[in-house]
Amino acid sequence: MNLLDTCFVIDLMKGRTDCKVFLQDRKAQGQDVFLSTVSVYELLVGLAHTHNKKLEEQKIKNALSLLPTISFDMIASRESGAIYFELKSCGQILKGYDILIAGIARANNYSIVTRDGKHFHRINGLQVIEY
């Protein structure tokens with residue numbers, strides 16, 4: 001199972017071929033790919049900052065129609081808190097939303113798919129796939 005980082009969906013909306021190929025390959029391999037509700041929130045926040053809201057909103061709707069979502073639930077909340085504690089005890093902090101996404105992934109034993117995995121690689125027990 002794979003959980004897409006928000007950057008993946010942004011790149012998909014920009015038409016990056018490698019993202020489309022990744023989704024096709026995973027589907028062909030019978031692997032499920034999910035988007036977190038945290039990433040949906042991030043996309044909608046980005047919509048508030050764009051000049052062409054209608055176009056970007058349509059791109060978001062199109063992307064979301066391709067991807068099932070997974071929610072940030074109580075188990076993911078606990079896992080995110082544990083990740084925060086682990087990183088803080090080592091003197092490392094991760095951006096808040098990334099901790100939430102990582103918590104969802106680790107709670108469900110999903111791999112994180114991201115463009116830049118350097119911060120996710122610091123999290124124990126989290127498999128990171130970079131594209």
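Coordinate-derived values only; no laboratory data. Fair warning: this is a prediction, and the values are worked out from it, not measured in the lab. Glycine gets a Cβ as well: all are built from the backbone with ideal geometry, and neighbour counts include every protein chain shown.
Cross-link pairs exceeding 30 Å between alpha carbons, from the set 59/95; 27/59; 27/88; 59/88: 27/88; 59/88.
Backbone amide hydrogens, once placed in the peptide plane, bring residue 3 within less than 5 Å of 34, 111, 112, 113, excluding anything fewer than 5 places away on its chain. Counting every other Cβ atom within 10 Å of each residue's Cβ, 71, 111, 36, 89 order from fewest to most as 89, 71, 111, 36. Relative to the longest principal axis of the Cα atoms of the chain, helix 37-47 runs at roughly 50 degrees. The phi torsions of region 54-65, fed into the Karplus equation with coefficients 6.51, -1.76 and 1.60 and a -60° offset, translate into couplings of 5, 5, 5, 4, 5, 4, 5, 4, 4, 5, 5, 5 Hz, rounded to whole numbers, with Gly and Pro shown as x. Pairwise Cα separations in region 2-130 fall into 10 Å bins from 0 onward with the following percentages, short to long: 13, 44, 32, 11, 0.
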